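The values are calculated or read from the model by the stated rules, or taken from the named source; none is laboratory data. Remember, predicted model here, so these are calculated numbers, not experimental data. Note: ideal-geometry Cβ built from the backbone for every residue, glycine included; neighbour counts use all protein chains shown.
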Amino acid sequence: MADKDVLIVEDESKIAEVLRDYLVAAGFLVTIVDRGDSAVAEVGQNPPALVILDIMLPGMDGMDVCREIRKFSTVPIIMLTARVEEIDRIIGLELGADDYVCKPFSPREIVARVKAVLRRSRPQSDEPQLTVGPISMDCGTREVTVSGKPVTLTPNEFALLKALMTRPNRVFTRGELLSLVQGYSSDGYERTIDSHIKNLRKKMAENSAEQEFISTVHGVGYKLGDLARASDEECRQSS
Ligand code: CA
């Protein structure tokens, strides 16, 4: 089953093997690749359900591997890092990773993260109601509200917002968003995403002008802003 396939990209064989053993025990099918450049090709040829990606790799480092994969795939990626100074970049998810774990880690923790990330990224047919901060979306009726007030969206705007809400904090490239909207990505049309996003922002701002929901990540694409934190700040300011 493809939804059980996990790709581990790690050149330290001991770490990769321990991780594999724990994941296999949890019911996953595991492939190990020990070079960054081969990892990109592997994801292209045998798309896994999730990638566990170390940063220090021969061939191509994990950050570049992540960027390369994001050019053609939305596969969930959990980064492994031994360097605290890398965490900011990963957390900011400018790379388009979904989560990170610091080395040394407990294999049990990784298994838990893998399950959590897969749960979050699964299409929400069993979970028709999405809520992020003040935004709610009913995927069945296609009704969207911001701060409780309805917003009318075109099918493209709906598809874009749904993608962003499914994986908050994850940066989507224009190419990815374009594939979600029209089923494929073609370079010349990526800028059409900008006008859809502009319209989405305008419609949502009518209900909640004080908040910017969709952030532009310069040179990369778009993400849903940190709405939980934004509403905390609002609460503090109003109290
Ligand atoms: Ca390594």
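Brief remarks follow.
- Filter result (more than 13 Å from the ligand (Cβ to nearest atom) and either surrounded by fewer than 19 Cβ atoms within 10 Å (Cβ to Cβ) or not assigned by TED's automatic domain parsing to the domain that holds Val117 (or both)) within the stretch 43-71: Gly44, Gln45, Asn46, Pro47, Asp64, Arg67, Glu68, Lys71
- Any hit, the stretch 22-30, residues being within 16 Å of the ligand (Cβ to nearest atom) and assigned by TED's automatic domain parsing to the domain that holds Lys71: no
- Subset of the stretch 1-21 that is more than 19 Å from the chain's Cα centre (by Cα) and either under 17 Å from Pro76 (Cβ atoms) or of a type in the set (A, V, I, L, M, F, W, C) (or both) - its residue that is farthest from the ligand (Cβ to nearest atom): Met1
- Residue match in the stretch 196-209 (condition: among the β-branched types (Val, Ile, Thr) and at pLDDT 85 or above): yes
- Test: residue in the stretch 23-42 that is closer than 20 Å to Leu180 by Cβ and hydrophobic (A, V, I, L, M, F, W, C): no
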